[in-house]
1. Farther than 23 Å from GLY23 by Cβ and under 19 Å from the mean Cα position of the chain (by Cα) - does that describe any residue in segment 135-145?
2. Let me spell it out: the conditions are (1) of a type in the set (Ser, Thr, Tyr); (2) without any contact (Cβ under 8 Å) to a residue 24 or more places away in the chain; (3) over 21 Å from CYS159 (Cβ atoms), and TYR136 meets all of them except one. Which number is the exception?
3. Just to be sure, is LEU111 farther than 29 Å from SER12 by Cα, within 19 Å of the chain's Cα centre (by Cα) and in contact (Cβ under 8 Å) with a residue 24 or more places away in the chain?
4. Kindly provide the set of residues from segment 57-103 that are closer than 30 Å to ALA210 by Cβ, aliphatic (A, V, I, L, M) and surrounded by fewer than 17 Cβ atoms within 10 Å (Cβ to Cβ), ordered by number.
5. With the structure loaded, tell me whether LEU82 is touching a helix residue (DSSP H, G or I) at 6+ places or on another chain (Cβ under 8 Å), aliphatic (A, V, I, L, M) and either in contact (Cβ under 8 Å) with a residue 12 or more places away in the chain or assigned to a helix (DSSP H, G or I) (or both) or whether it fails that test.
6. Condition check: under 22 Å from ALA179 (Cα atoms) and out of contact with any strand residue (DSSP E or B) (no Cβ under 6 Å at 6 or more places or on another chain). Does LEU133 satisfy that?
7. Being surrounded by 20 or more Cβ atoms within 10 Å (Cβ to Cβ) and either among the hydrophobic types (A, V, I, L, M, F, W, C) or not in a helix (DSSP H, G or I) (or both) is true for just one of LEU111, LEU119, LEU141, LEU146. Which residue is that?
8. Residues in segment 98-107: is at least one of a type in the set (A, V, I, L, M, F, W, C), at negative phi and at pLDDT below 80?
Amino acid sequence: MGMPSVPIEAASLIFFVAIWTIGMVAMMFPTALPMLLMFLHVGRNARDEIKRGGGPTVTKALLFVATYIGLWVGMGVVLYILIALVFSQLPLQVNLFIGTPAGLGVALLLLAAYQLSPLKGECLSRCHPTSFLYRYYRGGLGGSALMGVDYAKYCIGCCWAMMAFLIVSAAMGVAWMAAFAGVIFIERTFPLHQWMPRLFGLGFLIGGVALILEG
């Protein structure tokens, strides 16, 4: 998907939102499903104040998921507009460079830098379903929405660089999305989840260097 011209056409933005939402749900669902299931069952051993808040229900779980998806969609729109505005101010040579193997390699190096950063690790530690629920559970419908905001905040902190890479590289194809979905799933579910972003960061680093040398 190529970058839009500025001013951004409404039709282009609507098309992007539709594709982004479908792609994001497909990528995030495997990691969000354990959270949803735990949300529905965590009330069995809940504290008294949690029980007074009504405990988890299907309605609250759906509100949690809807808030989570809504913030991801909003983040996608912001990223899309910001990247489009930046690219519109760059020389034509730079825009053409992004589409080359070397340009893709540079993007992978930037992605690797974030993967290896402390911020990535901190956000990932807060995204784990078990630790998140015990840290941030709130009762009531309003609490469910706030939980969706909190979970989306840390999830976006984990994954925004990968999503920006997909947009900048015009590579929102099935193969790239499936690859990043696998990365996200492994990071959050494997026992060595603290080391996984570093391993993937090294992989991105090696891949970026190889593409630059190839270009």
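The values are calculated or read from the model by the stated rules, or taken from the named source; none is laboratory data. These figures come from a predicted structure and were not determined experimentally. FYI the Cβ positions are ideal-geometry reconstructions off the backbone, even for glycines, and counts take in every protein chain you see.
1. Going residue by residue through segment 135-145, those that are farther than 23 Å from GLY23 by Cβ are 135-145.
Cutting the leftovers down to under 19 Å from the mean Cα position of the chain (by Cα) gives us 145.
Within segment 135-145, one or more residues are farther than 23 Å from GLY23 by Cβ and under 19 Å from the mean Cα position of the chain (by Cα).
2. Checking TYR136 against (1) of a type in the set (Ser, Thr, Tyr); (2) without any contact (Cβ under 8 Å) to a residue 24 or more places away in the chain; (3) over 21 Å from CYS159 (Cβ atoms), the one that fails is (3).
3. Numbers: farther than 29 Å from SER12 by Cα: no; within 19 Å of the chain's Cα centre (by Cα): yes; in contact (Cβ under 8 Å) with a residue 24 or more places away in the chain: yes.
Against the criterion (farther than 29 Å from SER12 by Cα, within 19 Å of the chain's Cα centre (by Cα) and in contact (Cβ under 8 Å) with a residue 24 or more places away in the chain), LEU111 does not qualify.
4. Hits for segment 57-103 are LEU82, ILE83, VAL86, LEU90, LEU92, VAL94, LEU96, ALA102.
5. Numbers: touching a helix residue (DSSP H, G or I) at 6+ places or on another chain (Cβ under 8 Å): no; aliphatic (A, V, I, L, M): yes; either in contact (Cβ under 8 Å) with a residue 12 or more places away in the chain or assigned to a helix (DSSP H, G or I) (or both): yes.
The answer is no for LEU82.
6. Details: under 22 Å from ALA179 (Cα atoms): no; out of contact with any strand residue (DSSP E or B) (no Cβ under 6 Å at 6 or more places or on another chain): yes.
Answer is no for this residue.
7. Details: LEU119 fails: surrounded by 20 or more Cβ atoms within 10 Å (Cβ to Cβ); LEU141 fails: surrounded by 20 or more Cβ atoms within 10 Å (Cβ to Cβ); LEU146 fails: surrounded by 20 or more Cβ atoms within 10 Å (Cβ to Cβ).
Exactly one of LEU111, LEU119, LEU141, LEU146 is surrounded by 20 or more Cβ atoms within 10 Å (Cβ to Cβ) and either among the hydrophobic types (A, V, I, L, M, F, W, C) or not in a helix (DSSP H, G or I) (or both), namely LEU111.
8. Filtering segment 98-107 down to residues of a type in the set (A, V, I, L, M, F, W, C) leaves 98, 102, 104, 106-107.
Now narrow it down to the ones that are at negative phi: 98, 102, 104, 106-107.
If we keep only those that are at pLDDT below 80 as well, we get 98.
Among the residues of segment 98-107, at least one is of a type in the set (A, V, I, L, M, F, W, C), at negative phi and at pLDDT below 80, which makes the answer yes.
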